[in-house]
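As structure tokens, the structure follows; a few thoughts come after it.
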Protein chains: 2
Amino acid sequence: MQRYFTITQLTQEFDITTRTLRFYEAQGLVAPTRRGRQRLYTPGDRTRIKLILRGKRLGFSLNEIKEMIEMYASAPGETGQLRLLLDKIAARREELLEKQRDIELTLLELDEVEAGAHARMSELDTSSLSEDV
Amino acid sequence: MQRYFTITQLTQEFDITTRTLRFYEAQGLVAPTRRGRQRLYTPGDRTRIKLILRGKRLGFSLNEIKEMIEMYASAPGETGQLRLLLDKIAARREELLEKQRDIELTLLELDEVEAGAHARMSELDTSSLSEDV
DNA sequence: CCCTCTTTTTACGTTAAAGTCAATACATCA
DNA sequence: TGATGTATTGACTTTAACGTAAAAAGAGGG
């Protein structure tokens, strides 16, 4: 029942290169199993890759992404470790909330620029008395 | 009525280095005026710097940020330019909305990890019969 | 079994975004 | 006016995240 993905399947699905996947492996972000020397990616590996790409879209570094993935994967035993984990979670959450606010502001500004552009366009339309086809 | 900021004031306010500000200037992202050789930043320059840093937090490259800032600053004359501007705005908006979705997902996952950690902690608490002070 | 095609490994190159260092240039304050 | 501190400029270095190229090793097909 274990379905595997080849490296090229994944590069095509996610539009990345083999170099990229091997680099992520070298950084300890994924660890595909091997059939001989060939890499075989499990669905779990595929999920990790999705997480990595999502992290990248949000502007996190590979090191930060690695930390987050390890947070998901770990089941730390003792209380000290758990407190530390909770702290890390809180910190990440703060960052994400800040990014959310940043996005809101940027979207608002885009709205303004767009409104200005539309205004300018209708000016041009009426002044030139031209008609769109 | 024109208040100026020195470079060190801004580095302290935004926790960046002078090298960074001069680099942004070399890239055409800000253009402070000069008193002799010394740089003087206007409130407008300061705003641009804020925009740059916000863009960076969202994972945009300096080139992308430059484009966005120029979108704000420009008042393009002809219709073709305006259409192009509207297209760029639409594209940016898409990116930002994707980032929003990415953030939502990541926050949900953090919630799960946190819930798991809390569960694990209460297990440890009851099993050890210890009390917090 | 040979040929072709894909994968892997190794190594060096590249780009963005600064960091670091050295040499001047100003400015000020005692 | 000389010392002291801050700014500027230019050059070289660094780091992250890959790109690119070359050589060797399998994989499958006829």
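The values are calculated or read from the model by the stated rules, or taken from the named source; none is laboratory data. Just so you know, these numbers come straight off a predicted model, no measurement behind them. A quick note on method: Cβ atoms are made from the backbone with ideal geometry, for glycine too, and the neighbour counts reach across all protein chains shown. All accessible areas refer to the heavy atoms of the entire protein, side chains included, with ligands and DNA or RNA removed. Shrake-Rupley method; radii C 1.70, N 1.55, O 1.52, S 1.80 Å.
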**Request:** State which residue is nearest to DNA strand C (Cβ to nearest atom) when the search covers only the stretch A:23-42 and only residues that are under 18 Å from the mean Cα position of the chain (by Cα) and not acidic (Asp, Glu).
**Result:** A:Phe23
**Asked** Given the structure, is A:Arg93 assigned to a helix (DSSP H, G or I) and within 9 Å of another protein chain (Cβ to nearest Cβ)?
**Response** yes
**Prompt:** Just checking, which of A:Gln100, A:Gln38, A:Gln81, A:Gln27 is more than 19 Å from B:Leu53 (Cβ to Cβ) and touching a helix residue (DSSP H, G or I) at 6+ places or on another chain (Cβ under 6 Å)?
**Reply:** A:Gln27
**Residues being within 11 Å of DNA strand C (Cβ to nearest atom), surrounded by 13 or more Cβ atoms within 10 Å (Cβ to Cβ) and outside any helix (DSSP H, G or I) - total across the stretch B:43-83** = 2
**Asked** Do the conditions hold for A:Arg3, that is, is it within 9 Å of DNA strand D (Cβ to nearest atom) and more than 24 Å from B:Glu104 (Cβ to Cβ)?
**Response** no
**Message:** When the residues of the stretch A:16-42 are narrowed to those that are among the hydrophobic types (A, V, I, L, M, F, W, C) and open to solvent by 70 Å² or more (accessible area, probe 1.4 Å), which ends up farthest from DNA strand D (Cβ to nearest atom)?
**Reply:** A:Ala31
